[in-house]
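The values are calculated or read from the model by the stated rules, or taken from the named source; none is laboratory data. Predicted model only: the values in this text are computed from it and were never measured. Quick reminder, even Gly has a Cβ in these numbers, built from the backbone with ideal geometry, and neighbours come from all protein chains shown. Ligands, DNA and RNA are stripped out before the accessible areas are found, and what is left, the full protein with its side chains, is counted by its heavy atoms. Shrake-Rupley method; radii C 1.70, N 1.55, O 1.52, S 1.80 Å.
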Amino acid sequence: TWVYQLDWRVDEKIGAPHTLDIPLVFDTTHVPEALSGDSDAARKMSAIMSETLLAFAKTGTPANALLPDWPHYSLAQRETMVMDLPPRLENDPRKAERELFATVPYVQPGT
């Protein structure tokens, strides 16, 4: 599979909230209620993300001319496409968070 992380920020106040990818992948930044807004940057990010979704739907791979090379995700490298302007590939971009949470024991409810 492939993994992405949306780092593109609407602005400094809103940041990159949950569900921001919806108007970007469906190319609906022009809708007045779109969380992304319809700035030039939002339209550029939308072009990248919608083309990525279409490429994946058509070919089974997200590779397209708007992205750098995007290898399959592996546990060894944790290859992640960071969706931003410009998009970039990073290995394990949330390593610090992942390692912090690994130290916290998890007890499944009901056990």
Among [x] 9.5; [y] 6.2; [z] 8.3, the entry matching mean projected area of the Cα convex hull in nm² as calculated here is [x]
For the chain, averaging the sequence separation of alpha carbon pairs under 8 Å that lie six or more residues apart and dividing by its residue count, the contact order in percent is 25 percent
The longest stretch of the chain containing none of the trypsin sites (Lys or Arg not before Pro) that sit in a DSSP loop with at most 15 other Cβ atoms within 10 Å is 14-77
Under the helix-only model (-39500 (n - 2.57) for each DSSP H run of 4 or more, divided by the residues of the chain), the mean residue ellipticity at 222 nm, to 500 deg cm²/dmol, is -9000 deg cm²/dmol
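Compute the relative contact order of the range 64-111 as a whole-number percentage, counting only Cα pairs closer than 8 Å that sit 6 or more residues apart in sequence.
25 percent
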Given backbone amide H placed at 1.01 Å from N, residues whose amide H is under 5 Å from that of Y4, ignoring those fewer than 5 places away on the same chain, are M81
With every protein chain in place, the accessible area of W8 for a 1.4 Å probe, in Å² rounded to the nearest 10, comes to 10 Å²
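Suppose R0 equals 41 Å. What FRET efficiency, 1/(1 + (r/R0)^6) with r the Cβ-Cβ distance, do L75 and S39 give to the nearest 0.05?
Values: r = 37 Å, r/R0 = 0.90.
With a Förster radius of 41 Å, E is 0.65.
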Of every hundred units of 1.4 Å-probe accessible area on the chain, the number belonging to carbon and sulfur atoms, as a percent, is 59 percent
By the mean-Cβ-within-10 Å protection proxy, highest first, 101-107, 51-57 rank as 51-57, 101-107
Candidates P62, P17, P87; GNM for the chain (alpha-carbon contacts under 10 Å) flags as most fluctuating P17
In terms of the charge dipole of the chain, which places +1 on Lys and Arg and -1 on Asp and Glu at the beta carbon, the residue among L85, G15, L100 farthest towards the positive end is L100
Net charge near D27 (other residues with Cβ under 13 Å of its Cβ; Lys, Arg +1; Asp, Glu -1) is -1
Here, K13 and F101, labelled 7 Å along Cα→Cβ, have an inter-label distance in nm of 2.9 nm
With every protein chain kept in place and a 1.4 Å probe, the range 38-111 has an accessible area per residue in Å² of 68 Å²
